[in-house]
Amino acid sequence: MTVLTSTVPLRIFNTLSQKKEIFEPLHAPQVRIYVCGPTVYDFVHIGNARTFTAFDVVVRFLRFAGYEVTYVRNYTDVDDKIIQAAQRQNENPLALATRFLEAFEEDAACLRLLPPDVAPRVSEHMGEIVQMIGVLVDKGHAYASGGDVYFSVSSYPAYAALSKRDLSEMRAGERVAVGENKREPLDFALWKAAKPGEPSWASPWGEGRPGWHIECSAMSAKYLGETFDIHGGGGDLVFPHHENELAQSQAASGKPLCRYWMHCGFLDLAGAKMSKSLGNTIGLRDALARTDADSLRFFFLSTHYRNPLKFSDKSLADAQARVCYFYESLQLLEELCLPPAPAETEGAHAYVDAFKEAMSDDFNTAAALAVLSELFNEVNVLGRKRNAKALAQLSCLHEQARAIGGALGLFEETPSTWLRRRRDTRIAERNLDVTQVEALVASRQKAREEKDFAQADILRGELEKMGVELRDTPKGPEWKLV
C-alpha cells in the first residue's frame, strides 16, 4: 500500500539535550544510523535483544515513512572479555569471537532482526583505528606511555556532556589501576600494548590492540562520515562507552559526532538490571525456545524503548496471548477471501495514520500496538456482518494490518502456521492425545451431518472438558485449546 506523508513531525528524545527534538536528518531523505552491536564472547541475552529489537523497529519505521536508511551495527571481536573467555576455554580469541558472532546472526534471524547494511568487525579495521589514534596524538588529545596510548580527558573541556556527570567528583573517586601508564585517573586507553598470548597488531606505538571505545569512532566515521544522524545503544553504554566515543570523535574531527543520541532502557529480571556480570541473564536462544519471535518482539515493544521493562513468565505469556488474538484475526481476514480494497473506502488509511502518529512521538511502540489492537477489534466486529460494505472495510483493514505489522517486524508467518504451532506446543504441555481429540471432532461433525444434534452436543461437551474449543468454518470444524 502507499505510505502517506504524516502531518505529524517525527520527534526523538536526544540523550545529549535531554529533550525531544524534531528529527531533521543531515541529508534528507537519507538517514545514517550507527548502533553499538554485541561483544561476541558469549550467547546474546534478552537484555541485548531488547535493545537490538528497538533499533530494528526504528530502522523499519524510518523506511516505512519514506526515508533511505543506512544502518550500521558493529561487532566487537577484540576485547578483554573475549580474551578472558578464550583463555578459560583454551581457544584462539578471534576464533571464539567468530563462533559467537555466527551464533548471534542465527539468533538475530530467528528474532527477525533486519541485517544491517554494514556489520563491521573491529579486527578488520585496525588501519582506520590506528589512523584516528594518530590524529588524536598529533592534536594533543592523546599521548603514548609505555606502549599504551591514552586519551587526555583534561584536553577536552566538554567531557561528560552526554552523561551529565560531575568531573570533580569523578576525579576524586578514580584511581590509576596497577599496570596502567596514564597521567590522570579519568584518561582512557585508545591502544593497549601487546601481552603474551593476546592478539596484537602493528602500530607506531608498538604491537598492541585497540581500547574498547575507539573502535566505534573509527568505524562509524568510515561508513557514515564524521557526523551522522542517529547513534544508538543500550542505556548501560552512556558512560563510559558513548561518553568516551563522543569525546575522542569530536576531538579528532572538530565536528559533532551525531545529531541524535538514543538509548534503550534496561530489562529487569527479579528486580535487577539484566547483565552477564550479575549472573542474572536469560539467553535469547532460551527465550525463543520458550516462546516465538512474534511474542518476544511484542513483549519488547509493549513498553516504550526508553523505559525499564520487567521480564516474567506471566508477561511473556500475556504477550503470546495477545499475539494469538492478532493471528486469529488475520486468519479470519484470510478466510473471507476479501476483494481488493477500494481506495475511496471510508477510513482507508485511518489506522496507518494513527500508527504513524504514535511512532512519530519518539517511536512509541506501546501506543502503536494499541492502534493495532483497535484495528483487530474492528476486524472482529465487522467480521460478523459480512455484507458488501463490511467486506470492503475489512479489505482495507487487512492491508493496514499487514503494513503496520511489517513496520514492527510482526506477522511474517501465515496465521495457520503460527496458530497450529502454538496449539501443538500447548497440546504437548498438557499431554493431550491429539488422535483422540481429532476422533471426537470427526465424530461430532458426522453427527451434525446426520442431524443428530443431541449427540453432537454431547461430543462437544466432552471436548470442552478436555479444554478444547471448537469453531465451525466453511472449510469444516477447527479446534484450539482454551
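Brief remarks follow.
- Using Cβ point charges alone (K and R +1, D and E -1), the dipole size of the stretch 432-481 about the Cα centre works out to roughly 120 debye.
- Alpha-carbon centroid distance for the pair the stretch 118-157 / the stretch 1-78, whole angstrom: 27
- Sorted on the mean count of surrounding Cβ atoms within 10 Å across their residues, most packed first, peptides 240-247, 90-97 read 240-247, 90-97.
- Distance between the stretch 418-439 and the stretch 365-390 - C-alpha centres, whole angstrom: 28
- Each Cα pair under 8 Å and six or more residues apart adds its sequence gap; the mean of these over the residue count of the stretch 293-416 is a relative contact order of 35 percent.
- Full extension of the chain between CYS337 and ASP268 gives 20.5 nm of extra length, using 0.36 nm per residue less the Cα-Cα distance.
- Space enclosed by the convex hull of the alpha-carbon atoms of the stretch 354-482, per residue, Å³: 138
- Between ILE282 and THR473, the contour length at 0.36 nm per residue exceeds the alpha carbon distance by 64.7 nm.
- Around the amide H of VAL69, modelled in the peptide plane, lie the amide H atoms of VAL31, all under 5 Å away and 5 or more residues distant in sequence or on another chain.
- For the chain, the alpha carbon convex hull comes to 158 Å³ per residue, rounded to a whole number.
- The string of couplings for the stretch 458-475 from the Karplus curve (6.51, -1.76, 1.60, θ = phi - 60°) is 4, 5, 4, x, 4, 5, 5, 5, 7, x, 9, 10, 9, 9, 8, 10, x, 8 Hz, one whole number per residue in order, with x for Gly and Pro.
- Exceeding the 21 Å Cα-Cα cut-off - candidates LYS164/LYS356; LYS20/LYS356; LYS164/LYS310: LYS164/LYS356; LYS164/LYS310
- About the Cα centre, charge dipole magnitude for the stretch 293-416 (Lys/Arg +1, Asp/Glu -1 at Cβ), debye: 240
- Counting every pair of alpha carbons in the stretch 293-416, the share spaced more than 18 Å apart comes to 52 percent.
- For the chain, the longest principal axis of the alpha carbon atoms and the long axis of helix 80-89 meet at an angle near 70°.
- With helices as the sole contributors, the chain gives -15000 deg cm²/dmol at 222 nm; each DSSP H run of n ≥ 4 counts as -39500 (n - 2.57), and the sum is divided by every residue.
- GluC sites (Glu not before Pro) restricted to the stretch 384-482 and DSSP loop, no more than 14 other C-beta within 10 Å: GLU412, GLU450
- Calculated P(r) of the stretch 401-442 - Cα pairs past 13 Å, %: 65
- Of all segments of the chain bounded by trypsin sites (Lys or Arg not before Pro) found in a DSSP loop with no more than 11 other C-beta atoms within 10 Å, the longest spans 176-383.
Computed from the coordinates by the stated procedures, all read-outs in this text should not be read as laboratory data. All values reported here derive from a predicted model rather than from experimental measurement. Every residue, glycine among them, receives a Cβ derived from its backbone with ideal geometry; neighbour counts consider all protein chains shown.
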